[in-house]
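What follows is a structure written as structure tokens; I'll ask about it next.
The values are calculated or read from the model by the stated rules, or taken from the named source; none is laboratory data. Fair warning: this is a prediction, and the values are worked out from it, not measured in the lab. Counting neighbours? That spans all protein chains shown, and the Cβs are built from the backbone with ideal geometry, glycine included.
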Amino acid sequence: MVRHRSLIALACCVLVCSMNLLLIQAQTTQKAVPLANSTAAPTAASSSASSTTATTTPKPKIKIADSDLCKKKCSCDLKYFQIDCSSKSLKTLFSKEDWDTLVNGDVIFSTIKFNNNSITHIPILPSYPVENLYLSFNQINNISLGAFQNLNKLAKLDLSHNNITTKVLDPDVFKGKYAADKYEPITTLIELDLAYNDLHALQNDLFEHLPNLEILILCKNTFQVIDTSTLVAIASLSSLKTLDMSYMEISVLPETIFHSPNELETLILSGNLFHEVPKAFKWTKNLKKLVLDENPLGDFVKGNFSDSLNTLQYLSISFLTDTTRIGPGALNVLQNLTTLIASDNPRLSSIHELAFTKNTTNPDIFAYPPLTKLYLNNNNLQKLEREWIQRWDLVKTIDLRYNPWACDCSNSYLIHTLMKEINTTTPQLTKNVVCSTPEAWKNRPLLQLTADNKELICENANQPAKDGIVLISILVGILIGIPLTLGALVIYRRGCFGLLNRINPSSPRYNRASFADDYHI
């Protein structure tokens, strides 16, 4: 009985195990279907993603070097990122196709040049990150309002040598994009060249959209007079650092013109009609470079230059046909001057020995500018003063060529010392530094006298060594002459000179009157 029960229990165990195996297989079979489905799902999603990616892939960039724009129409410099379309007989700027090539090209050009064409109109230009745009030597007489508003990196704009008038140059030409309730300024523009146009004045709000303009070139526009609107326009440029107003036929500057541009560092006023140094300089607080060439300025005297010019480092006063001398203290306020160019002044014959000298609180000490470059070529100078500059050894460039130098003892320092230094630092500047006088040394190089250590004669043809003898001789003559003169005077008063007048025997003699005469007292 017990044996049968054991067999039944064993059979039950086998049955249970078999059922468990079947159940496990069934579960395994059911899990395989989701695996297959899960594998298919990512495939579909991947396909969908690929489709999306394909629709957003950007167009391939145009290889700019192989485009017609670079091969046929313009010259492209891929190294310096410049495209030059100058002298191509263009009557308009780029076509839409050309702009598309630029915008979609594989190179971004920072400089675009349209110089020397026949362009008359500047339309509103499309968006492009050009930094330097050159449009000079065209026939531009029309500029659309907001023409440059899409050039969001424009830093330099050259509109020189065109037919732009005051009316054409409307303030809104330079307006930026419209935002909210106003137009944004073009904050990137730093340099604007308007030279050689038909401007006679500037509209007072011309630069309202250019708050960061630092360089303004107006040369060769015949303003003649700086009127109120022009004064307001220039005075509004608070960031201005360089102003070129040369060859504008101006004779007077309004005294307040530089009141607001406090950052002005370079001022060029060449080729105007100034008869005296403008008083407007008193408002320049940071001026470092001043050019006054080709003006009918007279002689320079103390007080011509305002004390505010003590920041000046560079001064050019050349091609002045009416200037004959630079007087004592005329340049003494320029105590930071490092470069002086006073050349090609045909009548400049004298620079006073104290022209640069400034008094200090100590009466025995003088201040001098730290000159490192001095150009005095092509003048009418005969003498160089040793006292012009305290430290000649610090002047690295000295140009004294083409002057009628006097080779006498008055130029001893120039001939025996300074010419040696010039020959050491800049030997090319020793050529054409020759004697004008005396006649025996005419056209003789000063450097030759330096090398020969020639004894210099003085203007009166006496040798310096004999000057003492001459003075002593004069003194001895005076000392001997005075006693002789006094002795002669004493002898004369005593009547000794009467011995020379002997009485003529035939002349009537003098008869003493008789004491018996009635008139005798």
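S270: polar (S, T, N, Q), in a loop (DSSP other than H, G, I, E, B), in contact (Cβ under 8 Å) with a residue 24 or more places away in the chain and in contact with a Gly (Cβ under 7 Å, 6 or more places away or on another chain), yes or no?
No: the conditions fail for S270.
Without any contact (Cβ under 8 Å) to a residue 40 or more places away in the chain, aliphatic (A, V, I, L, M), surrounded by fewer than 19 Cβ atoms within 10 Å (Cβ to Cβ) and closer than 22 Å to P278 by Cα: is that true of V333 in this structure?
no
Within the range 419-447, which residues are more than 14 Å from W405 (Cα to Cα) and of a type outside the set (V, I, T)? Break it down stepwise before answering.
Filtering the range 419-447 down to residues more than 14 Å from W405 (Cα to Cα) leaves 420-429.
Of everything in the range 419-447, those that are more than 14 Å from W405 (Cα to Cα) and of a type outside the set (V, I, T) turn out to be K420, E421, N423, P427, Q428, L429.
Then there's this: Quick one: which of G105, G176 is touching a helix residue (DSSP H, G or I) at 6+ places or on another chain (Cβ under 9 Å), surrounded by 18 or more Cβ atoms within 10 Å (Cβ to Cβ) and of a type outside the set (S, T, Y)?
After ruling out the rest, the residue left standing is G105.
Next question, about the same structure. Is it true that L218 is modelled with pLDDT of 95 or more, of a type in the set (A, V, I, L, M, F, W, C) and surrounded by 21 or more Cβ atoms within 10 Å (Cβ to Cβ)?
Here the answer is yes, as L218 does meet what is asked.
Which condition number does K282 fail, the rest of (1) modelled with pLDDT of 95 or more; (2) over 30 Å from W405 (Cα atoms); (3) outside any loop (DSSP other than H, G, I, E, B) being met?
Checking K282 against (1) modelled with pLDDT of 95 or more; (2) over 30 Å from W405 (Cα atoms); (3) outside any loop (DSSP other than H, G, I, E, B), the one that fails is (1).
I'm checking my understanding of the structure. Among residues of the range 332-369 that are under 19 Å from K383 (Cβ atoms), assigned to a loop (DSSP other than H, G, I, E, B) and in contact with a strand residue (DSSP E or B) (Cβ under 6 Å, 6 or more places away or on another chain), which one is modelled with the lowest pLDDT?
Once the filter is applied, the top-ranked residue is T357.
Test N423 against the criterion of being modelled with pLDDT of 75 or more and in contact with a strand residue (DSSP E or B) (Cβ under 9 Å, 6 or more places away or on another chain), and give yes or no. I'd like the intermediate steps shown before the answer.
Numbers: modelled with pLDDT of 75 or more: yes; in contact with a strand residue (DSSP E or B) (Cβ under 9 Å, 6 or more places away or on another chain): no.
It is false that N423 is modelled with pLDDT of 75 or more and in contact with a strand residue (DSSP E or B) (Cβ under 9 Å, 6 or more places away or on another chain).
Something else now. Can you tell me which residue among S89, S110, S127 is in contact with an Asp or Glu (Cβ under 7 Å, 6 or more places away or on another chain) and either of a type in the set (S, T, N, Q) or more than 27 Å from A195 (Cβ to Cβ) (or both)? Explain how you work it out, then say what you get.
Working: S89 fails: in contact with an Asp or Glu (Cβ under 7 Å, 6 or more places away or on another chain); S127 fails: in contact with an Asp or Glu (Cβ under 7 Å, 6 or more places away or on another chain).
Only one candidate passes the filter, namely S110.
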